[in-house]
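First comes the structure, then the notes that go with it.
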Amino acid sequence: MNVRLSAFFGSPHWPTVLLTYALGLAGGLVAQALHLPLPMLLGSLLAVGTAAIGGLRPFGHLPQAPQKIRMLFIPVIGIAIGGAARPEILDEAPHWIPSLLALCLFIPLVHYLGYRLLVATGQTDRLTAFYGTAPGGLVETVQMGEEAGADVQMLAMLQFLRLILTIVIVPVAFSWMEGHAVGSAGGAAVAGSALHAKDVAILTAAAVIGAIIGLKLKLPAGHVLGPILLSAAAHMAGWTEAVPPRWLIALAQVVIGTSLGVRFAGMPKGRILLALRLALLNAVVTIGGAVGFSVALAPVAGEPVRAVFLAFAPGGLVEMGLIALSLKMSILYVTAHHLIRIVLSVSVARAFGGRIGPH
């Protein structure tokens, strides 16, 4: 293998990597044919995740998808989300203040309720339950939990399954309510003009420079927030009206879904089932809480109940953004709330984690 490629991607078994992505693509296409929500993302995730849990070993290796390849594609979603920005968005922003303030109550409330519920089961220790129920900041909360002495494997599974369950349950629920698939199957793309060389250059610069700035400044979800901000700025300034083509957004979803699915590789099935049961209990609290807050806030937030719910649902910024795109919602409203959610979740975990005993 080329030395530089090895340094960047690690040392994966490339035939296995290619077969893993092929499996993810096949899963996405099947899900699309079945008109499932977010088909390219969920289909690839479910196909690869099932293979990983089942112990499939193509070429003698468990499914592999280098996470740094995922990092290359996430900015594509960022510039697509930023492509929804228009100058009139500045007139809308002041109306978001009530729901942003409510988010400051929602995060500690659902975190505390989820934590108490998991502790009450007696199936996990207090530290693992506390960091495992933080409604955002997967990487940060796992790191803090490890430093505090939590069960890292269970903690990582609880956080990962919190994300997975939300990005499965929410689009399925929206598809049921809308009567059609949402996400990429429902047209998860911002309306834009045809791509020309100038547009390609501007969008590429927004993706690359935005990701670098976001990561360097350690912004929450910096690899997607940076491209969102630069793409939004370019669109609001009138430099471009173009967005990434649908095939590129679909490809990015396959890469993201595949990279999520491979994380189940090598995990004991019994531990996965336990984590799934606990994560489902937590999902009842977080998603149920999001429903309650969205119904109460919609009249004062100036947004429909569905948009407020989507802004509060503790799923990934990328995945919730894709749903908002396909439903023609205020994508920047949803994005702003998810960024604040991540910051608040990490801040609350950091502020109160030291007060949680191990038992």
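For residue 94, the requirement of being of a type outside the set (A, V, I, L, M, F, W, C), modelled with pLDDT under 95, more than 21 Å from the chain's Cα centre (by Cα) and more than 28 Å from residue 250 (Cα to Cα) is met. Within the stretch 151-209, the residues that satisfy the criterion of being modelled with pLDDT of 85 or more, of a type outside the set (A, V, I, L, M) and either surrounded by 15 or more Cβ atoms within 10 Å (Cβ to Cβ) or closer than 18 Å to residue 46 by Cα (or both) are 151, 159, 162, 166, 199. Here is a check on your reading of the model: is residue 242 surrounded by 15 or more Cβ atoms within 10 Å (Cβ to Cβ), of a type in the set (A, V, I, L, M, F, W, C), at pLDDT 85 or above and in contact with an Asp or Glu (Cβ under 7 Å, 6 or more places away or on another chain)? Answer is yes for this residue. Looking only at residues of the stretch 255-279 that are surrounded by 15 or more Cβ atoms within 10 Å (Cβ to Cβ) and not in a helix (DSSP H, G or I), we find that the one that is modelled with the lowest pLDDT is 267. When 145, 136, 78 are checked against the criterion of being modelled with pLDDT under 95 and not in a helix (DSSP H, G or I), a single residue qualifies: 136. Residues in the stretch 317-347 that are among the polar types (S, T, N, Q) and either out of contact with any His (no Cβ under 9 Å at 6 or more places or on another chain) or not in a helix (DSSP H, G or I) (or both): 326, 330, 335, 347. On inspection, residue 242 fails the criterion of being under 19 Å from the mean Cα position of the chain (by Cα) and of a type in the set (Gly, Ala, Ser).
The values are calculated or read from the model by the stated rules, or taken from the named source; none is laboratory data. What you see is a predicted model, and the numbers here were worked out from it, not measured in a lab. In this analysis, Cβ positions are derived from the backbone assuming ideal geometry, glycine residues included, and neighbour counts consider all displayed protein chains.
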